[in-house]
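Notes to accompany the following structure.
The values are calculated or read from the model by the stated rules, or taken from the named source; none is laboratory data. Worth saying up front: this structure is predicted, and the values here are computed from it rather than measured. Cβ sites come from the backbone with ideal geometry, for glycine too, and all protein chains shown count toward neighbours. Ligands, DNA and RNA are excluded from the accessible area calculation, which covers all protein heavy atoms including side chains. Shrake-Rupley method; radii C 1.70, N 1.55, O 1.52, S 1.80 Å.
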Amino acid sequence: VDAFQAWCGPCKPAVDLFQKIRNEVGRNLLHFAVAEVDSIDALEGYRGLCQPVFLFYTEGELVAVVRGLNAPLLRRTVLEQL
């Protein structure tokens, strides 16, 4: 989940990265979503940040968090979680 604030919007380069990984590993294994933290109370802890935050969930449980757009770290985190 790309957790973003309304003033900055979702991270376009991250969407492209996740789509590329999804095509490599299989469409059924990886699902990507965006969430505006200003409108979701459960994500209020991520408000006020000046960098993208990516939340990784498995079976409804938060399993990893990556702060900032670090493509190699995001890729590694996705593959580790799969």
(request) Run Asp16 past the list (1) exposed (fewer than 13 other Cβ atoms within 10 Å of the Cβ); (2) assigned to a loop (DSSP other than H, G, I, E, B) and report the number of the one that doesn't hold. (result) (2)
(request) Search the stretch 27-50 for residues being among the aliphatic types (A, V, I, L, M), touching a residue at least 40 places away in the same chain (Cβ under 8 Å) and not in a helix (DSSP H, G or I), and hand back the single one that is surrounded by the most Cβ atoms within 10 Å (Cβ to Cβ). (result) Leu30
(request) Hey, can you tell me all the residues within the stretch 62-82 that are within 18 Å of Ala6 (Cα to Cα) and in contact with a strand residue (DSSP E or B) (Cβ under 7 Å, 6 or more places away or on another chain)? (result) Arg67
(request) Taking Ala6 as meeting all but one of (1) among the aliphatic types (A, V, I, L, M); (2) within 14 Å of the chain's Cα centre (by Cα); (3) part of a loop (DSSP other than H, G, I, E, B), write down the number of the exception. (result) (2)
(request) Could you grab me the full set of residues in the stretch 51-73 that are open to solvent by less than 60 Å² (accessible area, probe 1.4 Å) and either in a helix (DSSP H, G or I) or in contact (Cβ under 8 Å) with a residue 24 or more places away in the chain (or both)? (result) Pro52, Val53, Phe54, Leu55, Phe56, Ala71, Leu73
(request) Would you mind finding the one in Arg22, Arg76 that is outside any strand (DSSP E or B) and surrounded by 15 or more Cβ atoms within 10 Å (Cβ to Cβ)? (result) Arg22
(message) If I go through the stretch 23-61 residue by residue, how many of them are in contact with a strand residue (DSSP E or B) (Cβ under 6 Å, 6 or more places away or on another chain) and more than 14 Å from Phe4 (Cβ to Cβ)?
(response) 1
